[in-house]
1. Report the extension gain between Tyr49 and Ser24 in nm, rounded to one decimal, defined as 0.36 nm multiplied by the number of residues separating them, less their alpha carbon distance.
2. What are the extents of the Cα atoms of the stretch 162-321 along their three principal axes, in Å, largest first?
3. In whole angstrom, how far apart do the alpha carbon centroids of the stretch 233-296 and the stretch 93-135 sit?
4. Grab the alpha carbons of the chain, take their convex hull, and tell me the volume per residue in Å³.
5. Over the stretch 252-354, how many percent of alpha carbon pairs lie in each 10 Å bin up to the one with the longest distance?
6. Tell me, what ³J(HN,Hα) does each residue in the stretch 264-281 have, in order and in whole Hz, if you take phi through Karplus 6.51 cos²θ - 1.76 cosθ + 1.60 with θ = phi - 60° and put x for Gly and Pro?
7. For the chain, give me the percentage of DSSP beta bridges that are antiparallel, rounded to the nearest 5 percent.
8. Considering the dipole of the stretch 1-143 built from charges on the beta carbon (Lys and Arg +1, Asp and Glu -1) around the Cα centre, which of Val112, Gly80, Gln95 is farthest to its positive end?
Amino acid sequence: MTAFWTEADYDDHELVQLVRDPASGLTAIIAIHSTHLGPAAGGTRFWHYAESKDAMRDALRLSRGMSYKNAMAGLPMGGGKAVILADEAKTKTPQMIHAFADAVERLGGRYVTAEDVGISEADMTLVAERTQYVSGLPVDGDDTAGGDPGPFTAMGIFHGIKAAVRHKLGKDSLEGVRIAIQGTGSVGGGVARLAAKEGAILTLSDINEDRAQELAEELGADTAAADAIMSVACDVFSPNALGATLDDEGIARLDCAIVAGGANNQLAREHHGPMLAERGILYAPDYVINAGGIISVTLEYLARNEGKPCDINEVRKGLAQIPGRLEEIWRESEASGVSPNRVADAMAQRLIGR
Ligand code: NAD
């Protein structure tokens, strides 16, 4: 068996912990990539993996992505991520969530958790019963930020798509811009609603076809089958499902000018960034454009530690900085001939002292 630290995705992570609790049936991995800038922050994913090595790969890649994301968003946090290995039926119990929370607590604040795919606000409320190192908790009132980071992530992506459309197509509005959205969950659905409001022409796709269809009817959009969405002729392809859809085959199928969406780890491998550039497709690095959610949960966490509510305007200010960061990356990319993902990685690595 190959040791995991020799795997391509192991990047001198500070800690990779396997958590087992036979009583509740919990198996989880907590990966801390870097605490250079502060406690490692990143959500918990609850997912059924065909093989446990896929879960390890996700934990390693996603936690490194969080180091980069938090650094590029200017947050005083390092990068970490947890994955809970669900059974095929995705059985989730309060006992299992409590056992996971106890493991987070034992890390003494080196890792701060929040929602990711498969984990809800209600789950985080259970986590908060056992540890203080948690964010994304429900809040009261419209002026207070907190809770499900999905809507903030979607808002940041919407700003990012607008920046890409301005940069590549010279348009200040999404009116008449054709956007193909892969995944219509919390993030993709939010992006679709915001883009529709501005007059974008949408094609929606989800492996849960009813979900895509329902949203399409609400927004007057078209739908495409899950295996066809990457070939839809459009201005913007927006990946908002799970990662790694931009591989050799996926990139060859694209018929768009821009790739800008919220999925983590969109590029199957980092050389797929230059491949997009060679095809003349402008890429918005995933961890820069999808930072809205972590901006919200981090500001919520820091405010709670100071004993005050988190002002939603502070989060909005954070989201408004996403277009400027993307512009900086694209400008440097054009000046140097280095692809945007590599420019962003180099910036992020400098920020985390690597
Ligand atoms: P979600 O579970 O609410 O939605 C994901 C959707 O994608 C589901 O409807 C699912 O059926 C669909 N899907 C899965 N595979 C698909 C495929 N091959 N084709 C089409 N649809 C597919 O999750 P979410 O919170 O919306 O997150 C979406 C992505 O954004 C994930 O990669 C996540 O890591 C990333 N992300 C989320 C946040 C957040 O705040 N929620 C923040 C940053 C990044």
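1. Residue separation times 0.36 nm, minus the Cα-Cα distance, leaves 7.2 nm.
2. In descending order, the Cα extents are 50, 38, 32 Å.
3. About 30 Å separates the Cα centre of the stretch 233-296 from the one of the stretch 93-135.
4. So the per-residue Cα hull volume is 133 Å³.
5. 14, 40, 29, 13, 4, 0
6. Result, ordered by residue: 6, 6, 5, 7, 4, 9, 5, 6, 6, x, x, 5, 5, 4, 4, 7, x, 9 Hz.
7. 35
8. About the Cα centre, the residue reaching furthest to the positive side is Gly80.
Values in this text are rule-based calculations from the coordinates and carry no lab data. What you see is a predicted model; the values in this text were computed from it and never measured. In this analysis, Cβ positions are derived from the backbone assuming ideal geometry, glycine residues included, and neighbour counts consider all displayed protein chains.
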